[in-house]
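Q: This is the structure I have questions about; it appears just below.
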Amino acid sequence: MKPLDLSSLLAEVLDPTTKGYPLSAAPLPISAIGAQGWHLFAGDLPLPLAVLRDSALAHNHAWMRDFAAATRVLLAPHGKTTMAPQIFAQQLAAGAWGMTVANVQQLRVCTRFGVRRVIMANQLLGVQEVSAVIGLQAQYPDLEFHFLIDSLAQLAAIEATAAAAPPSRKLTALIELGVPGGRTGLRTHGHALALARAVAASGVVALSGLECYEGLAISGDSARDAATVGALMQRVKELALACDGEGLFAGAAIILTAGGSAAFDIVARELPVRLSKPVLTILRSGCYVTHDSGNYMRLLEGVKARSGAAWQARPGLQPALEVWSRVQSVPEPGLAILTMGKRDASYDIELPIPLKRFPARTRTGAEAVPATWTIAAMNDQHAYLRFAADETDRPQVGDLIGCGISHPCTTFDKWRVLFRVDDGYRVTGAIRTFF
């Protein structure tokens, strides 16, 4: 795939109406941000501020590239994590096969900047959405796009829309297998095979492969997760063998895809299967690129433990995403109020995790905070930092506090721009999102 064309994005101008942009700085194109010499600890940027550490991003790209190569699978990272074409470009440059999206708006972002292999890990449905995909395929003849399908009703709706504006070539779909009590996806082998036959007979849609998502079944119990995910992968393989035996797959290769960010090692080990055509086994992990300081950090230990001694000995993924804020008040013993809240940082899985402090009094550099410091609650714009009331080195008004997050997806979508920093927290650039 050609390198993405980010020229229009880098020419976009930022100004003080953008959250995190210096309040007195002149408007600047994104391409000029890294040359300004701004520094987080010098007070050059207003807080709160979401930052991405360059060194951790580079490490994570290399780690996942090596994992995919070692397990002989492909990677189509889920773009919904960041919705940042600059990061998409890094992922593709590190060897990703393509990108994954969740809806047609995200597909449009990908195609605008030059991504030409895209999986939509969701059902394609709706006249506007189907018509937009037909238009994109006509606009980009080299676009390879696969969406999920899990019902005859969905197939009929797509065919009805296509009847009014026939596509220049067939749309390509992946049959989705689901689990009882889960989200989308067919629950039984028989229903899935029946739909596969209907898709293969369609004049509008071709069957390109199979898909499932194991992430909602992850418990954190490594043995239990291995059994649960392994069973789902077995269902996919049994359906693939049945579809292949009937000649239902249309393409030169067959796509089998799964793999969130919690147990992708099990997918890489259990999903591959030999069929009559080449098989592309594709992981869709998205959160690996920034990792986190909570949920995925804990789950990665299971990934490493299941992957053998070499991966246990190797440094794991590193948290790249941090949200920094300032202590604005210490209104009572054991409580400090920070200038960040639900508008700035993830809180859907767990609250942010205090990691670092830049003391306002000494200004001697970032230091680790005591493990007993916790964020106990957040409002829209405030966070409640709890600490021991008798602590001698307690937080002070003006201190900068850096928090790790748990589940990066719901921090990215709170920022139009995140700032890249080096390990000394000097600003090296800006990352634009498209939520």
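The numbers here are math on the coordinates, done by the rules we state, and not lab data. All values derive from a computational prediction rather than experimental measurement. Don't worry about glycine lacking a Cβ; one is built from the backbone with ideal geometry, like all the others, and counts go over all protein chains shown.
Q: Under a 5 Å amide H to amide H cut-off, with H placed in plane at 1.01 Å, what residues pair with T172 once short-range neighbours are removed?
A: The list, which skips near neighbours in sequence, is F147, A206.
Q: Report the extension gain between S31 and D15 in nm, rounded to one decimal, defined as 0.36 nm multiplied by the number of residues separating them, less their alpha carbon distance. Present the calculation step by step, with values, prior to reporting the outcome.
A: Working: separation 16, 0.36 × 16 = 5.76 nm, distance 1.32 nm.
Between S31 and D15, full extension yields an extra 4.4 nm.
Q: Same structure again: By average Cβ neighbour count within 10 Å, what is the ranking of 346-358, 90-102 from highest down?
A: Values: 346-358: 19.9, 90-102: 21.6.
Averaged packing, sorted descending, gives the order 90-102, 346-358.
Q: Taking a virtual spin label 7 Å from the Cα of H189 along the C-beta vector, which residues in the range 223-243 bring their backbone nitrogen under 20 Å of it?
A: 227-243
Q: Which number gives the lysine pairs in the chain that have C-alpha atoms under 15 Å apart and are eight or more places apart or on different chains?
A: Within the chain, the lysine pair count is 5.
Q: A follow-up question, please. Quick one: Cα centre-to-centre distance for the range 120-177 and the range 61-81, in angstrom?
A: Here the two parts' Cα centres lie 26 Å apart.
Q: Looking at V421, M340, G230, which one has the Cα that reaches farthest to the positive end of the dipole of the chain (charges on Cβ: Lys, Arg +1; Asp, Glu -1)?
A: Checked the options; the winner is G230.
Q: Evaluate the relative contact order of the range 102-206 (contact order divided by residue number), counting alpha-carbon pairs under 8 angstrom at least 6 apart; express in whole percent. Write out the running numbers ahead of the final one.
A: Details: 149 pairs, mean separation 25.2, N = 105.
Answer for the range 102-206 is 24 percent.
Q: Determine the dipole magnitude for the chain: charges of +1 sit on the beta-carbon of Lys and Arg, -1 on that of Asp and Glu, nothing else is charged, the reference point is the Cα centre, and the result goes in debye to the nearest 20. Could you put the intermediate results ahead of the total?
A: Details: 40 positive and 37 negative charges, 124 e Å.
Its charge dipole is roughly 600 debye.
Q: Return one number: the angle in degrees, 0 to 90 and rounded to the nearest 10, between the long axis of the Cα atoms of helix 152-164 and the longest principal axis of the Cα atoms of the chain.
A: Helix 152-164 and the main axis of the chain meet at about 80 degrees.
Q: Between the alpha-carbon centers of the range 234-298 and the range 327-395, tell me the distance in whole angstrom.
A: Cα centroid of the range 234-298 versus Cα centroid of the range 327-395: 41 Å apart.
Q: Return E129, E367 ranked ascending by Cβ neighbour count within 10 Å, so the fewest neighbours appear first.
A: Details: E129 20, E367 11.
So the ranking, lowest neighbour count to highest, is E367, E129.
Q: Taking the Cα centre of the range 55-300 as the origin and placing charges on Cβ (Lys, Arg +1; Asp, Glu -1), which of A62, L241, A153 is farthest toward the positive end of the dipole?
A: Final value for the positive-end residue is A62.
Q: Tabulate in residue order the Karplus-calculated ³J(HN,Hα) for the range 5-17, using 6.51 cos²θ - 1.76 cosθ + 1.60 with θ = phi - 60°, rounded to whole Hz; enter x for Gly and Pro.
A: 9, 9, 4, 5, 5, 5, 7, 4, 9, 9, 8, x, 7
Q: Taking K and R as +1 and D and E as -1, what net charge do the other residues with C-beta under 15 Å from the C-beta of A192 add up to? Intermediate values should be presented prior to the final figure.
A: Numbers: positive: R187, R197, R235, K237; negative: D150, E176, E211, E238, D244, E246.
My count for the surroundings of A192 gives -2.
Q: State the extension gain, in nm to one decimal, for the chain segment bounded by E246 and A368, taking 0.36 nm per residue of separation less the distance between their alpha-carbons. Provide the component values of the computation, followed by the final result.
A: Details: separation 122, 0.36 × 122 = 43.92 nm, distance 6.01 nm.
That works out to 37.9 nm of additional length.
Q: Find out how many positive minus negative residues lie around L9, taking Lys and Arg as positive, Asp and Glu as negative, among other residues whose Cβ is under 15 Å from that of L9.
A: Within the 15 Å Cβ shell, the charges total +3.
Q: Could you check how many percent of all C-alpha pairs in the range 284-394 are farther apart than 20 Å? The partial results should precede the final answer.
A: Values: 3043 of 6105 pairs.
I get 50 percent for the Cα pairs in the range 284-394 exceeding 20 Å.
Q: Please list 3J(HN,Hα) in residue order for the range 243-253, calculated via the Karplus relation 6.51 cos²θ - 1.76 cosθ + 1.60 where θ = phi - 60°; whole Hz, with x for glycine and proline.
A: Per residue, the Karplus-derived 3J(HN,Hα) values read 5, 5, x, 9, x, 8, 6, 9, x, 6, 10 Hz.
Q: Any idea what the relative contact order of the chain is, in percent, if you count C-alpha pairs under 8 Å spaced at least 6 apart?
A: Working: 939 pairs, mean separation 83.7, N = 435.
Computed over the chain, the figure is 19 percent.
Q: If you don't mind, another one. Kindly provide the trypsin sites (Lys or Arg not before Pro) of the range 172-277 that DSSP labels as loop, not H, G, I, E or B, and whose Cβ sees at most 12 other Cβ atoms within 10 Å. Can you show the working numbers first?
A: On the way: sites: R183, R187, R197, R224, R235, K237, R269, R274; in loops: R183, R187, R274.
Hits after loop and neighbour filter: R183, R274.
Q: Would you kindly derive the ³J(HN,Hα) couplings of the range 112-123 from the backbone phi angles with the Karplus curve 6.51 cos²θ - 1.76 cosθ + 1.60 (θ = phi - 60°), listing them in order in whole Hz, with x for Gly and Pro?
A: 4, 9, x, 6, 10, 10, 9, 9, 9, 7, 6, 6
Q: Where nothing but the Cβ of Lys and Arg (+1) and of Asp and Glu (-1) is charged, how large is the charge dipole of the range 55-300 around its Cα centre, in debye to the nearest 20? Display every interim value, and only then the final one.
A: Details: 20 positive and 17 negative charges, 58 e Å.
Rounded to the nearest 20 debye, it is 280 debye.
Q: If you take all C-alpha pairs in the range 55-300, what percent of them are over 32 Å apart? Please list the in-between numbers first.
A: On the way: 5046 of 30135 pairs.
For the range 55-300, the share of Cα pairs beyond 32 Å comes to 17 percent.
Q: Name the residue farthest towards the positive end of the dipole of the chain from the options L275, A262, A360, assuming +1 on Cβ of Lys and Arg, -1 on Cβ of Asp and Glu, about the Cα centre.
A: Final value for the positive-end residue is L275.
Q: Another question, then. Let me make sure I get this right: for the range 95-200, a, b and c are the square roots of the gyration tensor eigenvalues over alpha carbons, sorted descending. Under 1.5 in a/c it's rounded, otherwise prolate if a/b > b/c, else oblate. Which is it?
A: Values: a/c = 2.02, a/b = 1.36, b/c = 1.49.
It is oblate, given that a/c is not under 1.5 and a/b is not larger than b/c.
Q: For W38, what residues show an amide H to amide H distance below 5 Å, using hydrogens built from the backbone and excluding near sequence neighbours?
A: The answer is V427.
Q: Using amide H atoms built 1.01 Å from N in the peptide plane, name the residues 5+ places from I255, or on other chains, whose amide H lies under 5 Å from its own.
A: G209, L210, L280
Q: Which order do V330, V303 fall in if you start with the one that has the fewest other Cβ atoms within 10 Å? List each step's numbers first, then the result.
A: Working: V330 17, V303 24.
If I rank by nearby Cβ atoms, fewest first, I get V330, V303.
Q: Once the Cα atoms of helix 54-71 and of the chain are each reduced to a long axis, what angle between those two axes, in degrees from 0 to 90 to the nearest 10, is obtained?
A: Once rounded, the angle reads 30 degrees.
Q: Nearest 10 degrees is fine. How inclined is helix 127-139 to the longest principal axis of the chain, computing both from alpha carbons?
A: Result, in degrees: 80.
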